[in-house]
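Read through the structure below, which is laid out as structure tokens, and then see the notes.
The values are calculated or read from the model by the stated rules, or taken from the named source; none is laboratory data. Everything numeric here is computed off the predicted structure, so don't read it as measured data. Using ideal geometry, Cβ is built from the backbone for each residue, glycine included, and neighbour counts are taken over all protein chains shown.
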Amino acid sequence: MFDKSSKRPPRQPTRPPGRSPSRPRSAPLPRRTSLLTAAVTLAAAVLAGSAGSAVAAPAPGAPGANAYWNEPHVQGFANALSAQSKIWYTIGDGELQNVFYPQPDTPDTFGLQYYVTDGSSFTDNEVANTSHAVSLVDPTSLEWQQTNTATNGKYKITKTYVADPDRSVVLVRTTFQNLSSSPLSLYAQYNPALGNEGMGNTGSTDTSGDLTAANGSVASALASSTGFTASSTGYAGTTSDGASELTASHQLTTPGQSAPTAGHIAQTAQIPVAASGSTTFTLALAFDTSTGAAVSDASASLGAGFDTAESGFRSGWHNWLGGLNAPPASVASDTKLKQQYEVSLMEVKADEDKTHVGGFVAAPLTPWGGSVSANSAGAHGYHLVWTRDEYQMATALLAAGDTADANDALSYVLNYEETSSGYVKQNSWLDGTQEWGGVQEDQVAFPIVLAYQLGRTDAATWSKVKLLADYLVSNGPATGQERWEENGGYSPSTMAAEVAGLVCAAQLATANGDSSDAATYLAKADAFQTAVDSDTYTTTGSIAGGSYYVRITPNGNPNNGDTVTISNNGGTYDERAVVDQGFLELSRLGVKPASSQQITNSLAAVDATIKTAVPGYGTYWGRYNHDGYGETSSGGDYTGAGLGRPWPVLSGERGEYDVQTGDLAGAQAMLGSMANAANTGYQISEQIWPGASADGFTQGQPDNSATPLMWTMAQYVRLAVDISAGKTVDTPAVVAQRYAGGGPPNQVSVTFDENATTYWGQNVFVVGSVPALGSWDPAKSVALSSASYPVWSGTVPLPANTTVQYKYIKKNPDGSVTWESDPNRSYTTGASGSSVTLNDTWR
């Protein structure tokens, strides 16, 4: 046994160069193949003029072939739970895929894998020429192990990954087993994309013998406990690319190169291995702000040894898990479900940033990354913050007993995602820099609900929550975009969040002595709750009996046949022909009882259109019918149009509904569906392949969208807790209590029908003496719909047995307000639960 894994030996002079091949990255590669860059000629010398370096021949072909991100075949995600270690990494397809530094919105690699050759008859790489198995070395930490067995039977490679808790270094303990009767050569191939940019990198060999790369303020170093026999840096997809040399002649023919011109580079190093039997060693991939610092970090980690880092890595995860609730009964007795629970929970925690504490990205990857250019910095995929996803992760952590991280998540949103107007950014980088500018009212509401769930009644939190609630009052219930981020109008899922947010805001206002705002928020919440059905529930549809919640209606009239244009080239349809399962947010958030007939009818509609049963796996739902967000019909990457496929997270949402109706067996089946959709590394994806295995996909398993999607991982955790609790633990009690009877308490439903002519841009509102009508404040008046023009109509819940004064006003395009003439109108409401329509004419 040739074992050099424990400690790094003294540095040796760089030996004669050797090289290892890599797959070229000149264009997106076929599905289910690696998207790593090509390796290039090994060099014994380094970039001229760099500190501590000697003159080296520059590789030809700068800046290299076009760069693309990886297909997201992630089978494991991890980091170390320490403030000093600011790296996150994914593994999959037999390799280390993306490493993120110094925060999880900044990928810095295309990958790291090994190449093997006998020098005469074959050259293999791990991604393409081995079968891959992945496992957890320790089930209660994210210590992943890959075992890659050569398809030609000549070797086996076992790799165990940890992040050094003391530094930004990934350590890979490797055992190379030569199963053939001839000597084999082993090469490490590393593909930098530092600073989230494929074309901006330079690289060379440091005088220490390590491979170094840099791009601005980000640098990396690749080192081995054995030292390298030779090393080289070149440009991918060019004549300096070592992949073609090794493939054609099984040897490297252009050694001694560096890459002094910024471009798409690949780095290769030969590792000394025994002529037969096994060799064990450790690779260190370090990241820092300079190449010198990265080299020092790699040396320190190798000097301390893999075992030391492994012990600290495990301890961090054990201590964190030990402070949480025990796995719930719904998973405790099933090994597979329990491991899925623990991996899901740990990976949600691992997703948190360490610079902007409490910030969580949606996923550590780029969906369909093989078709996404990495040439320039700024590509983001899903490694941005969406407040909606952050809320889902925070509620999962809270359900598992992690109050501290849930509080950090709320604080992060209030400080980085909320703006001074109360608007919440559609998404942002972790430092709060906004990327997209859409308005999504549910993302405004969710932080309020989370603040209520956490009991955050302090004045500082309230000052932030008040801005959010005021924004909902002024801008709801219509939204610029619903939760699928594609269409504006009136959405059941968005309105559910708005109602819950406003009721929770009223509770927090009361705790802060603000009774006036509390009354305003409750009045507006009641108005939105009452309007959900009139705005989004059709009774003239063509699906499953004709009565159900639509996905979205542009103008708040679900019966008039307005058209909805589906994004992603999905087509244009009657609003009544498009449904999704978002209405279940009404019951989850306590806005309507789960037993509501409208919800029951709507379940029949979605089951008739977007439900899929996958034999041997479970039951799943798509986002909505006619969805175009997914691979093409033949399995090609999504690049703007495709076919939306089932989302496992929606099985979790259906499971939570089952919990609310008391169908715990049904909920357990949904939990099983989610677990069955995971790949062999317990990663549950955004979408799965529902049909027969084809085009490189396996039925019931992740496609190329996003694996894992942290919303899905969080949903699994929360559903498992819900089942054991016998209730949905994230349902805000104050909301469920208020609407337990199906509508606002002690209220009368009053419909205001006002016949009024207007000119273009002018709109009609009703304002009056009670909070539900704005307390005579035009800014808080209730907008009426012009769907039946010249009659403007709107339904408002008013206090029972109360005399109410009111007037109609017109808001003009220039912002001015025109009041109808005196006197005030007056109406005395009847008993609670009644309804009435007031027919008026402008005067």
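Taking segment 791-808 as the range and being surrounded by fewer than 17 Cβ atoms within 10 Å (Cβ to Cβ) and among the aliphatic types (A, V, I, L, M) as the test, only Ala800 passes.
Residues in segment 526-547 that are in contact with a Ser or Thr (Cβ under 9 Å, 6 or more places away or on another chain) and either small (Gly, Ala, Ser) or at positive phi (or both): Ala527, Ala531, Ser534, Gly541, Ala544, Gly546, Ser547. Scanning segment 98-142 for residues that are over 19 Å from Asp353 (Cα atoms) and in a strand (DSSP E or B) yields a count of 20. Scanning segment 814-836 for residues that are more than 16 Å from Thr802 (Cα to Cα) and either of a type outside the set (S, T, N, Q) or not in a loop (DSSP other than H, G, I, E, B) (or both) turns up Asp814, Gly815, Val817, Thr818, Trp819, Glu820, Asp822, Pro823. Considering segment 638-675, and only residues there that are polar (S, T, N, Q) and in a loop (DSSP other than H, G, I, E, B), the residue that is modelled with the highest pLDDT turns out to be Thr661. Check whether at least one residue in segment 334-347 is among the polar types (S, T, N, Q) and crowded, with 24+ Cβ neighbours inside 10 Å, and report yes or no. Scanning segment 334-347, I find at least one residue that is among the polar types (S, T, N, Q) and crowded, with 24+ Cβ neighbours inside 10 Å, so the answer is yes.
For (1) under 30 Å from Phe360 (Cβ atoms); (2) of a type in the set (Asp, Glu); (3) assigned by TED's automatic domain parsing to the domain that holds Phe765, each residue gets a yes or a no:
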| site | (1), (2), (3) |
| --- | --- |
| Ala692 | no, no, no |
| Asp695 | no, yes, no |
| Ala706 | yes, no, no |
| Trp711 | yes, no, no |
| Tyr716 | yes, no, no |
| Pro732 | yes, no, no |
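Residue under question is Ser788, and the condition is that it be surrounded by fewer than 20 Cβ atoms within 10 Å (Cβ to Cβ), assigned by TED's automatic domain parsing to the domain that holds Asn824 and not basic (Lys, Arg); does it hold? It is true that Ser788 is surrounded by fewer than 20 Cβ atoms within 10 Å (Cβ to Cβ), assigned by TED's automatic domain parsing to the domain that holds Asn824 and not basic (Lys, Arg).
From the list Arg23, Arg32, the lone residue that is assigned by TED's automatic domain parsing to the domain that holds Phe228, surrounded by 18 or more Cβ atoms within 10 Å (Cβ to Cβ) and at pLDDT below 95 is Arg23.
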